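Colleague: Supplied in structure tokens, the structure appears directly below.
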Amino acid sequence: MSRITKIVLSNFRNFTSKKISFDRPLVLLAGNNGVGKTNILESLTLLGRGASLRSSDFEEMIAEKAPAFAVFAEFSDHEFIEKIGISFERNSKKKNIEINGEPLSSKRQSEARNQLINFICLTPQLEQLFILGKSERRDYLDKIVSDIDSQHLTRINNYQKLLRERLLILQKYGTQKSGEKWLDVIENQIVELGMAIASARIEAIDFFNRAIASFTSNFPKPKLQVSGDIEENVMKQSAVQLEEIYKNKLRENRSVDLANFKTNFGVHRSDFDAIFSEKNMSAMRSSTGEQKSIMIGITLARAKISANYKNQPTMLIFDEVVSHLDEKRKSDLFAEVQMSQLPAFFSATSKDLLPSQYLHDNSLQIIEV
């Protein structure tokens with residue numbers, strides 16, 4: 001199993017210079033609030049295939065008054081990577097990536113993405129996913145789908161660009177005939193991508209639910225679902241019928257969308273939920289403790305799917321999660337992570353927040369930050 005053995009930070013967030021060696025598969029970063037535990041976890045995720053832990057702009061990560069930041073790591077048991085480094089320059093806005101000492105061009109960075117670690121993260125913010133807004137839930141849904149379909153986030157980005165382009169055309173031409181042909185072309189592209197996005201969501205969630213049902217877990221086995229104008233009808237109507245409905249709705253809404261300067265129909269308005277199986281209740285209506293347990297269950301399932309079904313190098317990150325769990329749930333979490341045999345990084349304000357039986361476990365390394 002791939003594992004990070006060392007990380008070196010230079011002018012990253014609050015660290016002018018920091019080197020940490022990891023000699024166990026499970027790592028706890030312990031320290032007071034504000035010392036930089038989450039910053040270390042964020043630096044690790046920069047070396048992965050997805051968004052960073054906070055999804056922050058690179059400029060925000062550069063230490064104050066420094067011209068650039070750099071993050072370097074060494075791996076063991078990775079099929080392709082022994083060393084990897086990423087840096088970002090403030091003035092040029094240039095991101096540089098090196099793998100095994102060789103700089104990668106932009107094209108090769110994209111090609112190398114599938115070799116990178118898939119970090120599956122749970123943060124205090126994500127624990128509250130089901131009481132946050134629809135857009136946050138939808139973003140998390142699309143992260144899950146991208147675990148299964150590597151092209152999904154590219155489709156989402158292209159779809160969002162088309163929505164912005166459509167609104168700009170509406171702003172320029174209104175509903176005049178002079179802009180109609182252009183709008184028809186853009187809306188056809190929106191429908192094509194929107195249908196692909198909806199289908200990918202339905203297929204991924206179905207796969208995810210079947211996988212969750214097969215796992216042994218002490219955490220809730222939620223049934224995930226997506227609700228939306230298009231997704232709810234994918235299995236009920238033919239693709240041709242649904243595409244026609246989608247196109248007609250965009251055409252009918254042109255005046256309303258222009259007035260509101262937003263597109264009021266489409267897959268960008270869908271929502272995500274999880275049904276708490278034991279009570280047959282939506283996660284949105286579950287208690288805070290149940291919601292946290294559901295999110296831990298989903299996080300563990302995502303990691304197992306990534307590692308076991310997709311055969312991707314996978315690592316878990318739990319930022320301050322143990323701080324909010326009772327003793328049984330803490331023990332369950334560590335037991336399941338150990339059973340998964342995946343490397344995992346935890347953060348907490350004190351090592352005393354760990355279940356007592358794990359304080360001297362040979363698989364766990366405690367680092368005071």
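So that you can scan it fast, the table gives a plain yes or no per residue for (1) within 17 Å of residue 271 (Cα to Cα); (2) acidic (Asp, Glu):
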residue: 106; (1), (2): no, no
residue: 119; (1), (2): no, no
residue: 122; (1), (2): no, no
residue: 126; (1), (2): yes, no
residue: 138; (1), (2): yes, no
residue: 141; (1), (2): yes, no
residue: 149; (1), (2): no, yes
residue: 154; (1), (2): no, no
residue: 158; (1), (2): no, no
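Colleague: Now, a different point. Hey, could you check region 40-63 for residues that are part of a helix (DSSP H, G or I) and open to solvent by 20 Å² or more (accessible area, probe 1.4 Å) and say which is farthest from residue 125 (Cα to Cα)?
Modeller: So the residue we want is 59.
Colleague: While we're on this one: Mind checking whether some residue in region 279-296 is farther than 20 Å from residue 128 by Cα, out of contact with any Ser or Thr (no Cβ under 7 Å at 6 or more places or on another chain) and crowded, with 18+ Cβ neighbours inside 10 Å?
Modeller: The answer is no, given that none of the residues of region 279-296 is farther than 20 Å from residue 128 by Cα, out of contact with any Ser or Thr (no Cβ under 7 Å at 6 or more places or on another chain) and crowded, with 18+ Cβ neighbours inside 10 Å.
Colleague: Take region 344-359 and flag every residue that is hydrophobic (A, V, I, L, M, F, W, C) and open to solvent by 10 Å² or more (accessible area, probe 1.4 Å). Talk me through it step by step, then tell me what you get.
Modeller: From region 344-359, those hydrophobic (A, V, I, L, M, F, W, C) are 344-346, 348, 353-354, 359; that's our starting set.
Correct list: 353, 359.
Colleague: Considering region 2-39 alone, what residues qualify as being in a loop (DSSP other than H, G, I, E, B) and either within 24 Å of residue 352 (Cβ to Cβ) or open to solvent by 20 Å² or more (accessible area, probe 1.4 Å) (or both)? Working first, answer last.
Modeller: Let us first name the residues in region 2-39 that are in a loop (DSSP other than H, G, I, E, B), namely 2, 13-14, 22-25, 31-36.
13, 14, 22, 23, 24, 25, 31, 32, 33, 34, 35, 36 - these are the residues of region 2-39 that are in a loop (DSSP other than H, G, I, E, B) and either within 24 Å of residue 352 (Cβ to Cβ) or open to solvent by 20 Å² or more (accessible area, probe 1.4 Å) (or both).
Colleague: Hey, another quick one. May I ask you to list pairs of residues, at least six apart or on different chains, whose Cβ atoms are under 7 Å apart, with the first in region 207-233 being farther than 20 Å from residue 137 by Cβ and the second being open to solvent by 10 Å² or more (accessible area, probe 1.4 Å) and not in a helix (DSSP H, G or I)?
Modeller: Cβ pairs passing all conditions: 213/221.
Colleague: Just need a number here: residues in region 57-93 that are more than 15 Å from residue 8 (Cα to Cα), modelled with pLDDT of 90 or more and not aromatic (Phe, Trp, Tyr). Spell out the reasoning first.
Modeller: Initial filter on region 57-93 (more than 15 Å from residue 8 (Cα to Cα)): 57-60, 64-67, 76-81, 89-93.
Subset that is modelled with pLDDT of 90 or more: 57-60, 64-67, 76-78, 80-81, 89-93.
Narrowing further to those that are not aromatic (Phe, Trp, Tyr): 57, 59-60, 64-67, 76-78, 81, 89-93.
Matching residues across region 57-93 total 16.
Colleague: For the list (1) assigned to a strand (DSSP E or B); (2) crowded, with 18+ Cβ neighbours inside 10 Å; (3) of a type outside the set (Phe, Trp, Tyr), I need the number of the one condition that residue 365 fails.
Modeller: (2)
Colleague: Moving to a separate point now. What's the number of the only condition in (1) in contact with a Lys or Arg (Cβ under 7 Å, 6 or more places away or on another chain); (2) surrounded by fewer than 13 Cβ atoms within 10 Å (Cβ to Cβ) that residue 74 fails to meet?
Modeller: (2)
Colleague: Residue 98: part of a strand (DSSP E or B) and closer than 17 Å to residue 343 by Cβ, yes or no?
Modeller: So residue 98 fails the test.
Residues are listed down the side, and each one gets a yes or a no for (1) within 27 Å of residue 225 (Cα to Cα); (2) open to solvent by 80 Å² or more (accessible area, probe 1.4 Å); (3) of a type in the set (A, V, I, L, M, F, W, C):
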residue	(1), (2), (3)
116	no, no, yes
124	yes, no, no
127	yes, no, no
133	yes, no, no
138	yes, no, no
144	yes, no, yes
150	yes, no, no
156	yes, no, yes
168	no, yes, yes
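Colleague: Residues 257, 206, 271: which one is surrounded by fewer than 22 Cβ atoms within 10 Å (Cβ to Cβ), over 30 Å from residue 177 (Cβ atoms), of a type outside the set (Phe, Trp, Tyr) and modelled with pLDDT of 95 or more?
Modeller: On inspection, the qualifying residue turns out to be 271.
Colleague: Any idea how many residues of region 102-144 are among the hydroxyl-bearing types (Ser, Thr, Tyr) and modelled with pLDDT of 90 or more?
Modeller: Residues in region 102-144 being among the hydroxyl-bearing types (Ser, Thr, Tyr) and modelled with pLDDT of 90 or more: 3 in total.
Colleague: So which residues in region 94-127 are touching a residue at least 24 places away in the same chain (Cβ under 8 Å), of a type outside the set (A, V, I, L, M) and touching a helix residue (DSSP H, G or I) at 6+ places or on another chain (Cβ under 9 Å)?
Modeller: 95, 118, 119, 121, 123, 124, 127
Colleague: Find the residue count for region 307-333, including only residues that are surrounded by 23 or more Cβ atoms within 10 Å (Cβ to Cβ) and not in a strand (DSSP E or B).
Modeller: Looking only at that region, the number is 3.
The values are calculated or read from the model by the stated rules, or taken from the named source; none is laboratory data. Because the structure is a prediction, the values reported are computed rather than measured. Every residue, glycine among them, receives a Cβ derived from its backbone with ideal geometry; neighbour counts consider all protein chains shown. The protein model used for the area step is the full one, side chains on, heavy atoms only, and it has no ligands, DNA or RNA in it. Shrake-Rupley method; radii C 1.70, N 1.55, O 1.52, S 1.80 Å.
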